[in-house]
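First comes the structure, then the notes that go with it.
The values are calculated or read from the model by the stated rules, or taken from the named source; none is laboratory data. Please read all numbers here as calculations on a predicted model, not as lab measurements. With ideal geometry, Cβ positions are generated from the backbone for all residues, glycine too; neighbour counts draw on all protein chains shown.
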Amino acid sequence: MSSERVLIFDTTLRDGEQSPGASLSISEKLEIAQQLAKMRVDVIEAGFPVSSPAQFEATRLCAENVVGPVICGLARASEKDIEAAGKALQAAERRRIHTFIATSPIHMKHKLRKKPDEVLKMAVEAVKMAAAFTSDVEFSPEDACRSEMPFLYEILTAVIAAGATTLNIPDTVGYVLPYEYGRIIAQLKENVKGIERAVISTHCHNDLGMAAANSLAGVRNGARQIECTINGLGERAGNAAMEEVVMAMHTRADFFGEVTTGIKTTEIYRTSQLVSQLTGFVIQPNKAIVGSNAFAHESGIHVDGILKERKTYEIMTPETIGLSGSRMVLGRHSGRHGFADRCKSLGYNLSKEQVDIAYDKFLQIADKKKEVFDEDIAAIITDEVRTVDSVYTLDYLQVACGTGTLPTASVKIRTAEGVVQAAACGDGPVDAAYEAIRQATGLCPKIENYAIRALTGGKEALGEATVRVRGEKRTFIGRGASTDIIEASAKAYVDAINRMVTTENNETGETRVEL
Ligand code: KIV
Ligand code: ZN
């Protein structure tokens, strides 16, 4: 039986990064792209180069450094966008330009203010322009699922003739149901001239929770590329989650037959953790495939069944996604070598200096809590090694609080110019620490969300704080971990401020183009 491949097109770095608050630095994007390559994704959409200098640079760096997958850049149907994408992708071994224009009556009338024949002309010109940079050109009729089918047939026939090799069918607003999405793909296969020369692609948003189901319905009806993101990140309710579509096809091979993906499934968990740590988006415990409860069994009947035969309540094994059954625990007597080995097996490629920094912090934590778990190590690395370029560093924090006392905090914040000290009172210890940080930095980004959770069980668990702040143009998420939750909270706020300052500095001088 010859197998037929469904290409996995990852758009975590482009559509995923459009999640409110999910700002990634350029080096973080490169790190995620390298991990996606290790996972053997077929195409990485690295960014939207014209939209900001940082997006251009991230796409360019991925093109230059990531080996294996095709590297793709997004462009609207305009000369400026396509030139920027072509330029950013120049160094890629294999490159793709993905150009798009809206085709639904509602988008053409209100957003583009253009007639269908003008839109068709722009689409054809864009594809021809893109084809001058690369033979691998993808076209998306944005809001395809609310477009009129005869117009879709016409525009897709025309772009194939102009050189498009992949036709992506976005359900931009996550509106359709699986049966409808499958039928759209089937109808396109029947009615678009030349479609046999192109790859049909799915691009489903999750507004009704249908993104993975719709993508799979597309595959059942002839699509051979799925656009998706790690952990289902993306605009509003997100995009189809890669781990869900891949594991559905893997687990239900009986249903999909010879149609398979090339994903190395044992890298799924690691990639999911990396994206969660770098974006600051915590994975809900009951998230399919990668949530912390996805393989946990609580009820007596289930546990009993699992012990007798795993298949009673487990349709896939944790090992398939790279989760080992046993939890390795380190302690204060674990040497540097053992610690470095553990970091490596968790998927972190750290330099000797980075291991040294992380190991020092590990020893401090191991002094406070007897057992250090994988989750703790991940937090240490995010906190100590993977910090964004820090404009501000929290050097010192002291908080006084208690019944009948006005909570007071004093901080020392280090910058390139020196150390600034500030003290403040607040409603509680975290509020006081945040006020002192605002005074020391002279910045007061509004806090939109604040959460604290224990990374592992037990009273000595590391606390991880996540804070979302509003910058001038967008929101930013910061994280901090410590055995002291006030310190974790202060670190998270400083991290969010650093992300805001570095991103907004990168984006000054250019208007960030929103889709
Ligand atoms: O959802 C969408 O329509 C998009 C396009 C740019 C492909 O992300
Ligand atoms: Zn999208």
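Tabulated values for the structure
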quantity	calculated
Set Arg94, Arg60: member being in contact with a helix residue (DSSP H, G or I) (Cβ under 7 Å, 6 or more places away or on another chain) and basic (Lys, Arg)	Arg60
Checking Gly238 against (1) farther than 30 Å from Gly182 by Cα; (2) within 16 Å of ligand 1 (Cβ to nearest atom), the condition it does not meet	(1)
Residues being among the charged types (D, E, K, R), more than 15 Å from Ala492 (Cα to Cα) and out of contact with any Asp or Glu (no Cβ under 7 Å at 6 or more places or on another chain) - total across the stretch 453-472	2
Subset of the stretch 215-239 (residues that are within 13 Å of ligand 2 (Cβ to nearest atom) and under 16 Å from Ile283 (Cβ atoms))	Cys228, Thr229, Gly232, Leu233, Gly234, Ala237, Gly238, Asn239
Count - residues of the stretch 407-439 that are out of contact with any Pro (no Cβ under 8 Å at 6 or more places or on another chain), surrounded by 14 or more Cβ atoms within 10 Å (Cβ to Cβ) and without any contact (Cβ under 8 Å) to a residue 40 or more places away in the chain	12
Filter result for the condition that a residue is in contact with a helix residue (DSSP H, G or I) (Cβ under 7 Å, 6 or more places away or on another chain) and in the same structural domain as Ile8 (by TED's automatic domain parsing), over Ala213, Ala253, Ala237	Ala213
Exclusive hit being among the small types (Gly, Ala, Ser) and over 23 Å from Glu28 (Cβ atoms), set Ala436, Ala481, Ala488	Ala436
From the options Ala212, Ala158, Ala186, residue that is within 16 Å of ligand 2 (Cβ to nearest atom) and either part of a helix (DSSP H, G or I) or farther than 17 Å from Asp10 by Cα (or both)	Ala212
Search result, residues across the stretch 241-290 that are in a helix (DSSP H, G or I) and among the charged types (D, E, K, R)	Glu243, Glu244, Asp254, Glu267, Arg270
Any chance Leu156 is among the aliphatic types (A, V, I, L, M) and either more than 15 Å from Arg197 (Cα to Cα) or not assigned by TED's automatic domain parsing to the domain that holds Gly16 (or both)	no
Whichever residue in the stretch 392-419 is charged (D, E, K, R) and outside any loop (DSSP other than H, G, I, E, B) and, among such residues, is nearest to Asp431 (Cα to Cα)	Lys412
Members of the stretch 476-506 that are over 23 Å from Ala54 (Cα atoms), hydrophobic (A, V, I, L, M, F, W, C) and modelled with pLDDT under 90	Ala481
Given (1) surrounded by 18 or more Cβ atoms within 10 Å (Cβ to Cβ); (2) not in a helix (DSSP H, G or I), number of the condition Gly222 does not satisfy	(1)
Candidates Asp254, Asp171, filtered to the one that is among the acidic types (Asp, Glu) and within 16 Å of ligand 2 (Cβ to nearest atom)	Asp171
Unmet requirement for Tyr175, which otherwise passes all of (1) part of a loop (DSSP other than H, G, I, E, B); (2) aromatic (Phe, Trp, Tyr); (3) in contact with a Gly (Cβ under 8 Å, 6 or more places away or on another chain)	(3)
Which listed residue is more than 30 Å from Ile26 (Cα to Cα), in contact (Cβ under 8 Å) with a residue 12 or more places away in the chain and assigned by TED's automatic domain parsing to the domain that holds Glu17, from Pro69, Pro141, Pro105	Pro105
Matching residues, the stretch 318-371, being touching a Phe, Trp or Tyr at 6+ places or on another chain (Cβ under 8 Å) and not small (Gly, Ala, Ser)	Pro318, Ile321, Leu323, Arg327, Val329, Leu330, Arg336, Phe339, Val355, Tyr359, Phe362
Residue identified as away from ligand 1 (no atom under 12 Å from the Cβ) and surrounded by fewer than 24 Cβ atoms within 10 Å (Cβ to Cβ) among Val159, Val173, Val192	Val192
Residues satisfying the stated conditions in the stretch 176-189, i.e. touching a helix residue (DSSP H, G or I) at 6+ places or on another chain (Cβ under 6 Å) and within 16 Å of ligand 1 (Cβ to nearest atom)	Val176, Tyr181, Ile185
Flag if Glu93 is within 16 Å of ligand 2 (Cβ to nearest atom) and acidic (Asp, Glu)	no
Which numbered condition Gln421 fails, given (1) modelled with pLDDT of 95 or more; (2) within 23 Å of Phe362 (Cα to Cα)	(2)
Elements of type strands (runs of 3 or more DSSP E) contained in the stretch 1-79, each with 1 or more residues being of a type in the set (Phe, Trp, Tyr), within 16 Å of ligand 2 (Cβ to nearest atom) and modelled with pLDDT of 95 or more	7-10
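Yes/no matrix, rows are residues, columns are (1) part of a loop (DSSP other than H, G, I, E, B); (2) among the hydrophobic types (A, V, I, L, M, F, W, C); (3) at pLDDT below 90; (4) within 16 Å of ligand 1 (Cβ to nearest atom):
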position	(1), (2), (3), (4)
Asp427	yes, no, no, no
Ile437	no, yes, no, no
Arg453	no, no, yes, no
Lys473	yes, no, yes, no
